[in-house]
Each structure stands twice: as structure tokens, then as C-alpha cells.
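The values are calculated or read from the model by the stated rules, or taken from the named source; none is laboratory data. For clarity, every value in this text was computed on a predicted model and none was experimentally measured. Here the Cβ positions follow ideal geometry from the backbone for every residue, glycine too, while neighbour counts run over all protein chains shown. When the accessible area is computed, the model is the full protein with side chains, heavy atoms only, and any ligands, DNA or RNA have been set aside. Shrake-Rupley method; radii C 1.70, N 1.55, O 1.52, S 1.80 Å.
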Amino acid sequence: MPAYRVRQLSSALYREWKTGLDEVTTLPKELRESLVREGYAVGLPRILETFRSTDGTERYLIAGDDGQTVETVWMPEGDDGESGDGSEAGEEEVASRFHRATICVSSQVGCAVNCQFCLTARLGMQRNLTAGEIAGQVVAVLKRHEVTIGRERINLVFMGMGEPFLNYDDFMAAVRLLAEEVGIAESRMTVSTSGIVPGILRFAAEKVRPKLAISLNASNDEVRERIMPVTRKWNIAAVIAAVRQLPLRPKERVTFEYVLLGGVNDRLAHAEEVVALVRRANLPAKVNLIVWNPGPGIDFHKPATADVAAFQSRLIERGVPAFLRRPRGLDIFAACGQLKRTVN
């Protein structure tokens with residue numbers, strides 16, 4: 001077929017959100033019938049179940065190509081995670097119908113990293129998602145909410161189930177699909193990694209890439225190894241050395257994410273260590289503080305509100321930009337660290 005048929009098909013899927021070949025009327029009927037006879041099919045991932053929070057957040061169980069489900073989250077007003085990162089998404093105040101709406105996207109079914117405070121770790125690693133499954137989550141949610149790309153502000157965070165840098169090729173292929181085909185600028189995307197050093201180094205060489213967030217979650221290797229076993233392979237110093245290879249855009253900051261666990265990493269002494277760590281990194285950076293979101297069978301507890309405020313104040317006093325992420329969808333297990341395909 002002529003090359004423009006590919007562009008027609010791509011536009012039908014990623015711009016017009018068609019759900020089957022019969023809807024792709026830009027292709028001749030004979031061609032569509034021929035493709036069906038040969039066993040080809042196209043379409044969007046199916047949203048099997050929807051859970052709606054009192055705060056407007058929605059969590060979806062989305063069917064994968066093999067019938068396994070993965071979770072995706074829609075936050076109609078975001079969670080302030082972009083604040084202060086130096087990008088347009090981090091500075092804007094108002095959007096058209098949504099206030100910085102954010103879609104949280106998964107890259108794997110389950111996760112192999114085994115962070116001790118995260119429910120997804122309980123699933124173990126099932127499989128990687130394909131580029132189409134990753135990008136398809138976004139398109140399915142955009143279609144559900146009838147979003148107009150280019151008019152309404154949409155941010156993407158690859159912070160759902162899985163470690164994106166352990167599915168690097170498909171994750172980056174999905175980024176390119178979303179940027180080039182759907183039309184969402186990469187400056188409106190953020191990827192979070194637990195500190196997969198080879199992935200960070202590959203990421204640093206990319207021409208088109210999201211912003212980078214590092215799941216730090218501890219101020220020293222001893223605490224971090226206890227709650228994030230991946231530290232045994234790549235310690236904090238190795239992760240920061242890799243991050244320093246990243247050529248940052250003008251005004252761009254690297255984000256260090258820090259889940260506050262009561263009595264584990266939330267003391268002022270830990271805050272002072274975070275300050276020293278950020279200063280040694282010598283990077284334009286900010287810290288996103290996340291109050292731990294509880295889940296069944298996880299043996300941690302939330303820090304006291306006063307301790308959270310004191311921790312944030314200490315960072316700011318020492319010149320480290322620090323922001324508190326708002327928990328979204330706690331009542332439907334949609335908040336950070338709660339994704340586990342929960343259906344009851």
C-alpha cells in the first residue's frame with residue numbers, strides 16, 4: 001500500500017480514537033475487508049472497570065492484549081506533582097475545563113523492584129506492556145473524557161504499575177507515539193524511576209524525552225536499602241552520578257520523590273541529609289514530598305502532620321525547593337503506591 005495509508009491509519013487511532021477497522025473510513029472498504037480477512041484488528045484498550053473517588057479521581061482496570069489487567073488513573077486537577085519543575089506544566093495556574101489534569105500511566109503488569117511500602121510490589125512481575133498498550137491507556141482515557149488535545153491541558157506521569165526503565169524500549173516507543181501521533185508534548189510528561197542506572201544513562205542520550213523524577217525515598221543508603229532493595233545494586237551516589245549526565249532543558253529541574261514513612265525516614269536529621277544530598281548533586285532540583293498512602297498488609301504508618309510540615313520547612317529553610325504532593329483517590333486505592341488491581 002502507499003505510505004500515506006499508514007498515516008491515515010495512525011491518525012484514525014491516535015487522533016480520532018477509532019475503535020475498529022470498520023470505523024477507519026479513510027481507508028478504502030476493499031482494503032479494510034482484506035485486512036480483516038487476513039486476521040488484522042486495531043482498536044483501543046478496553047476499560048473493564050471504573051472506580052470513582054469522592055475527589056473526582058478515577059481508577060481504571062484496563063485490559064491488556066492477553067486479557068491481564070493494568071491500572072491507569074485520571075486526576076482531573078492533578079496532584080501538584082509538577083509544581084516547581086521549571087516546565088510550562090509546572091507553572092500554569094488554570095486550564096480550560098481541567099486544572100492541570102493528569103493521567104498516571106503503567107508500564108508493566110506488576111513490578112520487580114519490590115519497594116516495601118508499595119502495594120504493586122505484592123503482585124510481583126507479571127510482564128512488560130507493549131508500546132501500544134502503554135500509549136493506548138492514555139488514548140482510552142482521553143476518549144472517555146472527550147479531551148481536546150491542544151486546547152485542554154493534559155499531563156502524563158509514568159508512575160503507575162511497573163518500573164519504566166526495566167521496560168525501556170517499549171516505554172520510549174510509547175513516549176514517541178504519544179508525542180508524535182497523539183500530540184502531547186514531551187515537556188508535559190514525567191517518568192519516575194527507582195534508580196535503574198543503565199536506563200538513566202540511556203535516557204540521558206534521548207533527543208525526545210519526558211522530564212525525570214527519581215524515587216529517592218531515603219536520605220542515606222542504609223535506610224533506602226531497607227525499604228528499596230534495588231539500592232543494593234545501585235546506591236544513591238551511583239544514581240545521582242547517572243542523573244548528572246542528563247542534559248537539562250532551560251529552567252528544567254530534576255525531581256526527587258520522597259515518600260514519608262512514619263518513624264522511618266521523616267525525622268529532621270533525615271531532612272538535613274536530604275539537603276546535603278541535593279547540594280552534593282549540584283543539579284537544578286526540587287523535592288516532592290509524598291505522605292505514605294496506606295495499603296492492606298503493609299507494615300508502615302503515616303507520619304504525623306506536624307512532622308511532615310517540619311520536614312518540608314527544613315528543606316525550604318536550607319534552600320531546597322520542596323513541594324507536598326496531594327493524595328488523590330485514596331478511597332479507591334488510586335493514590336501513589338496503592339495500585340494493585342483492587343476490585344473491592
Notebook entry, point to check: Across the stretch 230-267, what is the total count of residues that are closer than 25 Å to Met189 by Cβ and either open to solvent by 70 Å² or more (accessible area, probe 1.4 Å) or hydroxyl-bearing (Ser, Thr, Tyr) (or both)?
Noted result: 9
Margin query: Tell me whether the stretch 29-37 contains one or more residues that are of a type in the set (Lys, Arg) and touching a Lys or Arg at 6+ places or on another chain (Cβ under 9 Å).
Written below: no
Item checked: Subset of the stretch 302-315 (residues that are in a helix (DSSP H, G or I) and surrounded by 15 or more Cβ atoms within 10 Å (Cβ to Cβ)) -> Asp307, Val308, Ala310, Phe311, Gln312, Arg314, Leu315
Next item on the list: Can you give me the number of residues within the stretch 189-218 that are over 11 Å from the mean Cα position of the chain (by Cα) and in contact (Cβ under 8 Å) with a residue 40 or more places away in the chain?
Entry: 12
Notebook entry, point to check: So which residues in the stretch 232-252 are polar (S, T, N, Q) and over 9 Å from Gly195 (Cβ atoms), if there are any at all?
Noted result: Gln245
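Rundown of residues vs (1) out of contact with any Phe, Trp or Tyr (no Cβ under 9 Å at 6 or more places or on another chain); (2) assigned to a helix (DSSP H, G or I), yes/no style:
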residue: Val157; (1), (2): yes, no
residue: Phe165; (1), (2): no, yes
residue: Phe171; (1), (2): no, yes
residue: Leu178; (1), (2): no, yes
residue: Gly195; (1), (2): no, no
residue: Arg202; (1), (2): no, yes
residue: Ile214; (1), (2): no, no
Notebook entry, point to check: So how many residues does the stretch 48-70 have that are surrounded by 14 or more Cβ atoms within 10 Å (Cβ to Cβ), of a type in the set (Asp, Glu) and assigned to a loop (DSSP other than H, G, I, E, B)?
Noted result: 1
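Table: residues versus (1) of a type outside the set (A, V, I, L, M); (2) farther than 22 Å from Gly132 by Cα; (3) in contact with a strand residue (DSSP E or B) (Cβ under 9 Å, 6 or more places away or on another chain).
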residue	(1), (2), (3)
Glu16	yes, no, no
Asp22	yes, no, no
Leu27	no, no, no
Glu33	yes, yes, no
Gly39	yes, no, no
Leu44	no, no, no
Note to self: Please go through the stretch 32-47 and give me each residue that is assigned to a loop (DSSP other than H, G, I, E, B), aliphatic (A, V, I, L, M) and either touching a residue at least 60 places away in the same chain (Cβ under 8 Å) or open to solvent by less than 80 Å² (accessible area, probe 1.4 Å) (or both), ordered by number.
What the structure shows: Val42, Leu44
Next item on the list: Give the residue that is least open to solvent (accessible area, probe 1.4 Å), with candidates limited to residues of the stretch 268-288 that are part of a loop (DSSP other than H, G, I, E, B) and in contact (Cβ under 8 Å) with a residue 40 or more places away in the chain.
Entry: Leu283
Item checked: Some residue of the stretch 249-264 being polar (S, T, N, Q) and in contact with a strand residue (DSSP E or B) (Cβ under 8 Å, 6 or more places away or on another chain) -> yes
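For the structure I just gave you, tell me whether Val73 is surrounded by 18 or more Cβ atoms within 10 Å (Cβ to Cβ), at pLDDT 95 or above and within 30 Å of Arg249 (Cα to Cα).
When the stated conditions are applied, Val73 passes them.
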Margin query: Being over 18 Å from the mean Cα position of the chain (by Cα), under 21 Å from Thr193 (Cβ atoms) and surrounded by fewer than 22 Cβ atoms within 10 Å (Cβ to Cβ): is that true of Val320 here?
Written below: yes
Notebook entry, point to check: How many residues are charged (D, E, K, R), outside any loop (DSSP other than H, G, I, E, B) and either open to solvent by less than 50 Å² (accessible area, probe 1.4 Å) or in contact (Cβ under 8 Å) with a residue 40 or more places away in the chain (or both) if we restrict to the stretch 1-31?
Noted result: 1
Next item on the list: Residues being closer than 14 Å to Met75 by Cα, assigned to a loop (DSSP other than H, G, I, E, B) and within 14 Å of the chain's Cα centre (by Cα): count how many of those fall in the stretch 104-155.
Entry: 1
Next item on the list: Please give the number of the condition Asp299 fails out of (1) among the acidic types (Asp, Glu); (2) at pLDDT below 95; (3) not in a loop (DSSP other than H, G, I, E, B).
Entry: (3)
